[in-house]
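These notes are about the structure you will find just below.
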Amino acid sequence: MPSMTLFYSPTSPFVRKVMVLLHETEQLPKVELQEVQLSPTSPNAEVNAANPAGKIPALRLADGSLLFDSRVILEYLDQQHSGQPLLAVSSSPRWNCLTLCALADALLDAAVLIRYESFLRPADKRWDAWLSGQQDKIERALAHFEQVASSLSNSFDLAAISLACALGYVDLRQPELAWRQRYPQLAVWYAAASQRPSLLATQPPL
Ligand SMILES: N[C@@H](CCC(=O)N[C@@H](CS)C(=O)NCC(=O)O)C(=O)O
């Protein structure tokens, strides 16, 4: 019997992070999915009531309280299972993991904003310099992950979940980016990571 409700969309990469963690930690049965559709120009009233930022994921707990955003939800859910924690407890690995989580989210923020700018905004109002500024953020983040690819944790931790979901979203929305040619070590890491059952089960619909 589910005790929590997740505001959910199958295409949201931020929601996917939560779904991957639920798979990895065998907590799926605890969560009921409430599918919603929204965008900055077409907000969802229920989501707005749950999260004033009007964004998903948001998680309603058994006592009715609400958690957002994805990083907070991941940390909460990581404390609700009895397996190996996906966020290291000791200080240096913990800060390293959280910093990589933040960079993967920054990559995702840029990719989602590009999607909104190029999909939602009327063509005559698009701002090329702004778009290329966001694209540069993606490129710098990918270059950083390439540098640290060989030291990415062997365990599939919160940073790995965030990075895999970010790369999956780039592949979905920007297949022409061909990042694997420029970042071969990252490509090797992602090829292995993307075969995990949690990632196969949460692939976004095309
Ligand atoms: N920092 C947030 C970002 C969440 C986010 O941007 N979600 C998108 C869907 S992928 C959204 O809800 N967009 C609606 C909007 O921006 O109004 C998180 O980590 O949860």
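The values are calculated or read from the model by the stated rules, or taken from the named source; none is laboratory data. Please read these numbers as outputs of a predicted model, since none were measured by experiment. We place every Cβ from the backbone using ideal geometry, glycine too, and count neighbours over all the protein chains shown.
Inside the range 1-50, residues that are among the aliphatic types (A, V, I, L, M) and assigned to a strand (DSSP E or B) make up a count of 4.
Under 7 Å by Cβ, and 6 or more places apart or on different chains, what pairs join a residue from the range 180-206 that is closer than 17 Å to Leu100 by Cβ with one that is of a type in the set (Asp, Glu) and in a helix (DSSP H, G or I)? Final answer for the pair search is Tyr183/Glu146; Gln185/Glu146; Leu186/Glu146. The set of residues in the range 72-92 that are closer than 15 Å to Arg60 by Cα and not polar (S, T, N, Q) comprises Val72, Ile73, Leu74, Glu75, Tyr76, Leu77. Just so you know, in the range 38-50 the residues that are free of Cβ contacts under 8 Å to residues at least 60 places away in the same chain and not hydrophobic (A, V, I, L, M, F, W, C) include one that is surrounded by the most Cβ atoms within 10 Å (Cβ to Cβ), and it is Asn44. Selection of first residues in the range 100-127 that are over 15 Å from Pro13 (Cβ atoms) and of second residues that are in a helix (DSSP H, G or I) and within 13 Å of the ligand (Cβ to nearest atom), restricted to Cβ pairs under 7 Å at least 6 apart or on distinct chains, gives the following pairs, ordered by first then second residue: Arg126/Glu117. Being in contact with a His (Cβ under 8 Å, 6 or more places away or on another chain), assigned by TED's automatic domain parsing to the domain that holds Trp189 and either surrounded by 16 or more Cβ atoms within 10 Å (Cβ to Cβ) or over 24 Å from Val31 (Cβ atoms) (or both) holds for only one residue in Leu167, Leu120, Leu103, Leu163, and it is Leu103.
Being surrounded by fewer than 18 Cβ atoms within 10 Å (Cβ to Cβ), within 14 Å of the ligand (Cβ to nearest atom) and more than 19 Å from Ala111 (Cα to Cα) is a property that does not hold for Leu21. Residues that are in a helix (DSSP H, G or I) and free of Cβ contacts under 8 Å to residues at least 24 places away in the same chain within the range 51-84 comprise Val72, Tyr76, listed in sequence order.
Of Ser82, Ser91, all but one fail to be of a type in the set (Ser, Thr, Tyr), out of contact with any helix residue (DSSP H, G or I) (no Cβ under 9 Å at 6 or more places or on another chain) and more than 21 Å from His23 (Cβ to Cβ); the exception is Ser91.
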